[in-house]
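A short write-up of the structure that comes next.
The values are calculated or read from the model by the stated rules, or taken from the named source; none is laboratory data. Since we're looking at a predicted model, the values are computed, not measured. Ideal geometry is used to build each Cβ from the backbone, glycine not excepted, and the neighbour counts take in all protein chains shown. Protein only, heavy atoms only, side chains kept; ligands, DNA and RNA dropped before computing areas. Shrake-Rupley method; radii C 1.70, N 1.55, O 1.52, S 1.80 Å.
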Amino acid sequence: MTFLSATLDRVKPSPTIAVTTKAAELKAAGRDVIGLGAGEPDFDTPQNIKDAAVAAIAEGKTKYTAVDGIPTLKEAICAKFTRDNDLDYVPAQVTVGTGGKQVLYNAFMATLNPGDEVIIPAPYWVSYPDMVLLAGGTPVTVEATLEANFKITPAQLEAAITPQTKWFLFNSPSNPTGAGYSWSELKELTDVLMRHPHVWVMTDDMYEHLAYGNFKFCTPAQVEPGLYDRTLTVNGVSKAYAMTGWRIGYAAGPEHLIKAIRKVQSQSTSNPCSVSQYAAVEALNGTQDFLKPNNTLFEGRRDLVVSMLNQAPGIVCPKPEGAFYVYPSIAGCIGKTSAAGTEITDDEVFATALLEETGVAVVFGAAFGLSPNFRVSYATSDEALKEACQRVITFCEGLT
Ligand SMILES: Cc1ncc(COP(=O)(O)O)c(C=O)c1O
């Protein structure tokens, strides 16, 4: 009998850890490291949200709550879906968890049986395939190439669907590429799904409010109301409201699915932090005034990073629609040798050499399922971004 679970054998340790550990080691050794790896906004949670949390503590709202969220938060979530997404839900169709991450995990735990397939466009957020594996399902990846602006086509989706497909997992704007599907692009995908009534849609709308220029965010059940009864719309307060540490995510969907998710949560973590739930009520119901200036700031950073990285020989960096990531290709650097003598054989070697030789920490593409690329998070100051991009340019100019 082995001590550790066999399921765990199917899951990889996080491939991003190597880069993060290395960056921390170099920093501790006194090196000047610029981290472009963090997946969180670089500004503080807005004051009105913090004040709501302090008031909740003062009022003693510090006890267990209903397993999947306090009624006022569920009502705020319903109002948010109506306001932002033209989607009508009642509180019984809403679940609140400890971050969007737990909600996604619960949904897979509640629905996957051995043999069930989940279609995941690649590159993907690192946790998706491993969550599916932990829940006993089979991830099926579909490549969203740089040439296709990191978006899958309807034909690719159609080809990936089998009788075993349980979920299509959709994420727009995307982590790690920032790619966002327009209404008509998404409609083409939902048209495919309408032809396959056994396939459910899990949409991760975490980056909804980080959308730039003319790009307008849209979500599957809004674009195709015919999918309403088989869509789980997942969202959260982490990214839009700079609340990553508060751990509040939520989803809305058919009541029987929400009930099943509640059952998983009731036997694992119970309710998400009570104080954070009151803060999330203020995030959703309070002023939304800071969203626009933040978007303007992020859009400026996106434009800066895209234009600078495209000056680096061997790098091609598309301009994405949203989130705070870019996902440049380093195809033109493969096979070359760095100034310090490292042969760039793949994107992991590239990221390691970049870190060791220039002090810029990025996450290599293989971690997200599409190579040869790397992910830059531009949720950091303009000065740090300029300096980091200049170092990337110098590094690439030094490749021979
Ligand atoms: C695409 C995506 N989904 C979900 C999450 C999880 O967010 P939360 O902080 O709500 O757990 C992240 C966080 O990085 C993400 O990038």
For the stretch 387-400, Karplus-derived ³J(HN,Hα) couplings (6.51, -1.76, 1.60; θ = phi - 60°; whole Hz; x for glycine and proline) come out as 5, 5, 5, 4, 5, 5, 4, 4, 4, 5, 5, x, 6, 10
Alpha-carbon centroids, the stretch 332-400 and the stretch 255-278: separation in whole Å:
41 Å
I want to check the label-to-label distance for Lys61 and Arg195. Put each point 7 Å from Cα in the C-beta direction and report it in nm to one decimal.
4.9 nm
How large is the charge dipole for the stretch 297-400, taken about the Cα centre, if only the Cβ atoms of Lys, Arg (+1) and Asp, Glu (-1) carry charge, to the nearest 20 debye?
180 debye
Pull up the cross-link candidates among the lysines for Lys74, meaning alpha carbon to alpha carbon under 29 Å and not fewer than 8 places away within one chain.
Lys50, Lys61, Lys63, Lys101, Lys166, Lys187, Lys216, Lys239, Lys259, Lys263, Lys292
At 222 nm, what helix-only mean residue ellipticity would the chain give, in deg cm²/dmol to the nearest 500, using -39500 (n - 2.57) for each DSSP H run of four or more?
-12000 deg cm²/dmol
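Leaving ligands, DNA and RNA out of it, rank Asp84, Asp68, Asp51 by accessible area with a 1.4 Å probe, largest first.
Details: Asp84 50, Asp68 5, Asp51 80 Å².
Highest to lowest solvent-accessible surface, that is Asp51, Asp84, Asp68.
Mind checking the dipole of the chain: about its Cα centre, +1 per Lys or Arg Cβ, -1 per Asp or Glu Cβ, Debye to the nearest 20?
Working: 31 positive and 43 negative charges, 156 e Å.
Taking the Cα centre of the chain as origin, the dipole is about 760 debye.
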List Glu224, Glu299, Glu255, ordered by accessible area with a 1.4 Å probe, largest first:
Glu255, Glu299, Glu224
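Per the 1.4 Å probe, what fraction of the accessible area of the chain, in percent, lies on carbon and sulfur atoms?
Looking at the chain in its full context, I get 56 percent from C and S.
Which trypsin sites (Lys or Arg not before Pro) does the stretch 189-291 hold that lie in a coil by DSSP with at most 14 other beta carbons within 10 Å?
Values: sites: Arg195, Lys216, Arg230, Lys239, Arg247, Lys259, Arg262, Lys263; in loops: Arg195, Lys216, Lys239, Arg247.
Here the trypsin sites (Lys or Arg not before Pro) that fit, given the DSSP loop and packing criteria, are Arg195, Lys216.
Which whole-number percent is the relative contact order of the chain (Cα, under 8 Å, 6+ apart)? List each step's numbers first, then the result.
Details: 790 pairs, mean separation 91.2, N = 400.
Reported relative contact order: 23 percent.
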Please list, ordered by chain and number, the residues whose modelled amide H lies under 5 Å from the amide H of Thr165; skip anything fewer than 5 residues away on the same chain.
Glu117
Principal axes first, then extents: for the Cα atoms of the chain, list largest minus smallest coordinate on each axis, whole Å, largest first.
61, 55, 53
Using a probe radius of 1.4 Å on heavy atoms only, what accessible surface per residue do you get for the chain? Whole Å² is fine.
40 Å²
Given +1 on the Cβ of Lys and Arg, -1 on the Cβ of Asp and Glu, and no further charges, what dipole in debye does the stretch 98-244 carry about its Cα centre, rounded to the nearest 20?
260 debye
